[in-house]
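Coordinate-derived values only; no laboratory data. Predicted, not measured: the structure shown is a model, and the values here were computed from it. Counting neighbours? That spans all protein chains shown, and the Cβs are built from the backbone with ideal geometry, glycine included.
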Amino acid sequence: MDKQDRLITALQYIHSVDKLIIDEDYHGYMGNKLLMVEIELQRQLQLITNERRRFSSSDQQYTDDAEQQRSKLSDLTSTD
């Protein structure tokens, strides 16, 4: 299980706990604490998602650059 999966599972647990304590005394107090944890988990998940997107877009840029260099090289080495 990677970090993203663990964060998603933790978010699911937070939602489950919130549903379980809905009728308890001090639900508002406990719910606010859970909300702070949920917000932090979502923030960390967003960071991972953005990081993966950044890497995949930079990988695509490297691929595009490599193909462009290959075409220039083949133009230079072709004999007419």
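Modelled spin-label separation between GLN44 and LYS3, with each label point placed 7 Å from Cα along the Cα-to-Cβ direction: 0.9 nm. Remark: spin-label model distance ASP23-GLU51 equals 4.2 nm, labels positioned 7 Å along the Cα→Cβ axis.
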